[in-house]
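**Student:** Below you'll find the structure I mean.
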Amino acid sequence: MSPQAPTPAYRRLSVEERRVQLLEAALALFAHRPPEEVSLDDVAEQAGVSRPLVYRYFPGGKQQLYEAALRSAADELRLCFDEPREGPLLTRLSRALDRYLTFVDEHDTGFSALLRGGSVAETSRTSSIVDGVRRAAAEHIMSHLDVAEPGPRLHMTVRMWITAVEAASLMWLDEGKQPPLDEMREWLVEQFLAVLTVTARRDPQTAALVEALAADL
């Protein structure tokens, strides 16, 4: 009779490890279902824990858990634009968009729920979290443009493009993720240069940037 394999020793998770586990379970569910369709029981089952344990870490219930999960997703989205200052700007932007679209691809339904609004879980706090991602993306882009004090036209142009990226990402999901991700990324980079070119006709600051970008092409 062969000896039985030893039973793995149970390891109690630290407070932070357990919290991360619950957030990852929630994000996995929010990635494929709208927040209003996810219950605490679903999160507990996904994490392999009891419902009271979820409440112990998130006494505010699903709303608190949702906001914490949203902050976690927002932090990951911010990192998408945290690109090393190496190579031409448009190449850097392409790499950042690649990470952004990959995140959208992997969190499709949840991404739609977060950005479309109208969720029963939406509050002024959740809206602020999402807007924080937009502001962080704009700051990263300005940093790569070497612009410390953007004028109003340049600032509006960059923020408008970021909004366009969000809208295009949502439509991309509606269209069954077509065109392919690589083509989608290249198209959005081309749109960035196009909107800067339009603004450059009315703004000397943007015109200087477009001239510098053209030299990198």
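**Student:** May I ask for the angle, rounded to the nearest 10°, between helix 181-200 and the longest principal axis of the chain, with both axes built from Cα atoms and the value confined to 0 to 90°?
**Tutor:** 40
**Student:** Here's another thing I want to ask about it. In deg cm²/dmol, rounded to 500, what helix-only [θ] at 222 nm does the chain give when every DSSP H run of at least 4 residues adds -39500 (n - 2.57) and the total is split over its residues?
**Tutor:** -23500 deg cm²/dmol
**Student:** With every protein chain left in place and a probe of 1.4 Å, what is the accessible surface of V198, to the nearest 10 Å²?
**Tutor:** Accessible area, nearest 10 Å²: 80 Å².
**Student:** Taking the alpha-carbon centroid of each part, what is the distance from region 161-200 to region 128-143 in angstrom?
**Tutor:** If you average the Cα positions of each part, the centres end up 17 Å apart.
**Student:** Hey, another quick one. Kirkwood Rh, the chain, all Cα pairs: how many Å? Don't skip to the answer; put the middle values down first.
**Tutor:** Working: mean 1/r = 0.0513 Å⁻¹.
Its Kirkwood hydrodynamic radius stands at 19.5 Å.
**Student:** Working out 0.36 nm times the residue gap between A214 and D82, then minus their Cα-Cα distance, what length gain in nm do you get to one decimal?
**Tutor:** Numbers: separation 132, 0.36 × 132 = 47.52 nm, distance 2.30 nm.
Between A214 and D82, full extension yields an extra 45.2 nm.
**Student:** Karplus couplings for region 13-30 from phi (6.51 cos²θ - 1.76 cosθ + 1.60, θ = phi - 60°), rounded to Hz, Gly and Pro as x?
**Tutor:** The phi angles translate into 7, 5, 4, 5, 5, 5, 4, 4, 4, 5, 5, 5, 5, 5, 4, 4, 6, 5 Hz.
**Student:** Relative to the longest principal axis of the chain, what angle (0 to 90°, nearest 10) does the C-alpha long axis of helix 152-174 take?
**Tutor:** Between helix and principal axis, roughly 50 degrees.
**Student:** Right, another one. Please list the equivalent ellipsoid semi-axes of region 28-114, computed as the square roots of five times the alpha-carbon gyration tensor eigenvalues, in descending order and whole angstrom.
**Tutor:** Working: eigenvalues 210, 33, 18 Å².
Taking √(5λ) for each Cα gyration eigenvalue gives 32, 13, 9 Å.
**Student:** Additional query: Can you figure out the FRET efficiency of S14 with A164, using R₀ = 30 Å and their beta-carbon distance, to the nearest 0.05?
**Tutor:** In this case the efficiency is close to 0.10.
**Student:** Where the accessible area of the chain is counted over protein heavy atoms with a 1.4 Å probe, how much of it, in %, is carbon and sulfur? All intermediate terms of the calculation are to be shown ahead of the outcome.
**Tutor:** Numbers: 6460 of 12170 Å².
Carbon plus sulfur share of accessible area: 53 percent.
**Student:** How much length would be gained if the chain were fully extended between S143 and R201, taking 0.36 nm per residue of separation minus their Cα-Cα distance, in nm to one decimal?
**Tutor:** Working: separation 58, 0.36 × 58 = 20.88 nm, distance 2.23 nm.
Fully extending the segment from S143 to R201 adds 18.6 nm.
**Student:** How high is the relative contact order of the chain, given as a whole-number percent (alpha carbon pairs under 8 Å, six or more residues apart)?
**Tutor:** Details: 181 pairs, mean separation 43.5, N = 217.
About 20 percent, as a whole number.
**Student:** For the charge dipole of the chain, defined by +1 on Lys and Arg C-beta atoms and -1 on Asp and Glu C-beta atoms about the Cα centroid, which residue among V54, L77, M156 has the Cα displaced farthest towards the positive pole?
**Tutor:** V54
The values are calculated or read from the model by the stated rules, or taken from the named source; none is laboratory data. Since the structure is predicted, the reported quantities are computational estimates derived from the model, not experimental observations. Counting neighbours? That spans all protein chains shown, and the Cβs are built from the backbone with ideal geometry, glycine included. Surface accessibility is based on the protein's heavy atoms, side chains included, excluding ligands, DNA and RNA. Shrake-Rupley method; radii C 1.70, N 1.55, O 1.52, S 1.80 Å.
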